[in-house]
Amino acid sequence: MTVIDGTPVSNPATSTQSQPQPEPSAGGNACTAPPKAHPRPSGQDSYTISEVAAFTGLTAHTLRWYERIGLMPHVDRSHTGQRRFSNRDLDWLALVGKLRLTGMPVADMVRYAELVRAGESTFEERQELLEATRRDVIARIAELHDTLAVLDYKIDFYGGARRAPERHTA
């Protein structure tokens, strides 16, 4: 996923307040996928809530909830009050989706968003939060590897049992 600098940036044409943004990934991790293309180029990136729901797989209810709890503290509005999301919002939602997949609690995600909005002075705290989440993910991966080994053993056992000649007792 391509992510952009977490430093708040204001675009006077679209916002009076900056949206927290995903941070750049460190290094060229072979596990990272190429960025998902935005549906529209920058400058033409005004999406309704239903378009964002279709693009992200999130429900409109979830998007509104994210906004209410401060996970997406500022979504631009049209002159009629309808939410208008940007490509930056889509990038932020992609990061939030990855954080959800890690099992990070919502309160920690909201805290992370607050830290991003607070600026560069919070880099260390953000790093600590992400490192703690990474440790949790590594522990879960180890548990899943153990579980996979048990499943493989059982699958091999049952596969071998089918191939073995039947035993008859006299």
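The values are calculated or read from the model by the stated rules, or taken from the named source; none is laboratory data. Keep in mind it's a predicted model, so treat the numbers as computed, not measured. No Cβ is skipped: glycine too gets one built from the backbone with ideal geometry, and neighbour counts run over all protein chains shown. Remember, those area values only see protein heavy atoms, side chains included, never the ligands or the DNA or RNA. Shrake-Rupley method; radii C 1.70, N 1.55, O 1.52, S 1.80 Å.
Tabulated results
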quantity	calculated
Scan of the range 65-83 for residues that are of a type in the set (D, E) and either in contact with a strand residue (DSSP E or B) (Cβ under 7 Å, 6 or more places away or on another chain) or over 17 Å from L93 (Cα atoms) (or both), ordered by number	D76
Members of the range 132-166 that are farther than 30 Å from L101 by Cα and either open to solvent by 90 Å² or more (accessible area, probe 1.4 Å) or aliphatic (A, V, I, L, M) (or both)	D156, F157, Y158, A161, R162, R163, A164, P165, E166
Test for T56: is it among the β-branched types (V, I, T), under 28 Å from R140 (Cα atoms) and surrounded by 17 or more Cβ atoms within 10 Å (Cβ to Cβ)	yes
